[in-house]
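Following: one structure in C-alpha cells, then a few remarks.
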Amino acid sequence: MEARAQLVRAINEGQQAGIDRQRVTACPYPAGDLLRSAWVRGYTAGRRKSEAATER
C-alpha cells in the first residue's frame, strides 16, 4: 500500500475510534511511527465530532 493511502487509512481509523469514544491508548501504531501521529490526528477530530453531537 502506498504511503499516502496508509496515512489516510490511519487517520480514518483514528477518527472512528474517537467517534466511538475509545481511549487514545487504543492506537495500534507504535510510538515514533508517522502512522501513529496520523491516527491521533484523526482520533482528535473524531472526539470533537462526538462531543459536538452530544452537545446537541
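The values are calculated or read from the model by the stated rules, or taken from the named source; none is laboratory data. Predicted, not measured: the structure shown is a model, and the values here were computed from it. Backbone-built Cβ (ideal geometry, glycine too); neighbour counts: all protein chains shown. To get the accessible areas, we keep the full protein, side chains included, count just its heavy atoms, and leave off ligands, DNA and RNA. Shrake-Rupley method; radii C 1.70, N 1.55, O 1.52, S 1.80 Å.
What does the extension gain come out to for ALA5 and THR44, with contour length at 0.36 nm per residue minus their alpha carbon separation?
Taking 0.36 nm per residue and subtracting the Cα distance, the gain is 12.1 nm.
Mind checking the chain for GluC sites (Glu not before Pro) that DSSP puts in a loop (not H, G, I, E or B) and that have at most 11 other Cβ atoms within 10 Å?
GLU2
Of the candidates ALA31, ALA17, ALA45, which one comes out as most mobile in a Gaussian network treatment of the chain with C-alpha springs shorter than 10 Å?
ALA31
In debye, nearest 20: dipole of the chain around its Cα centre with unit charges on the Cβ of K, R (+) and D, E (-)?
140 debye
In the chain, with Lys and Arg counted as +1 and Asp and Glu as -1 at Cβ, which of these residues, ALA3, TRP39, PRO28, has the Cα nearest the positive end of the dipole, that is, farthest along it?
The listed residue farthest towards the positive side: TRP39.
Compute the relative contact order of the chain as a whole-number percentage, counting only Cα pairs closer than 8 Å that sit 6 or more residues apart in sequence.
It rounds to 45 percent for the chain.
How large is the accessible surface per residue of segment 2-41, computed with a 1.4 Å probe and reported in Å² as a whole number?
68 Å²
For helix 3-19, what angle does its Cα long axis make with the longest principal axis of the chain, in degrees from 0 to 90 and rounded to 10?
In the chain, helix 3-19 runs at an angle near 20 degrees to the longest axis.
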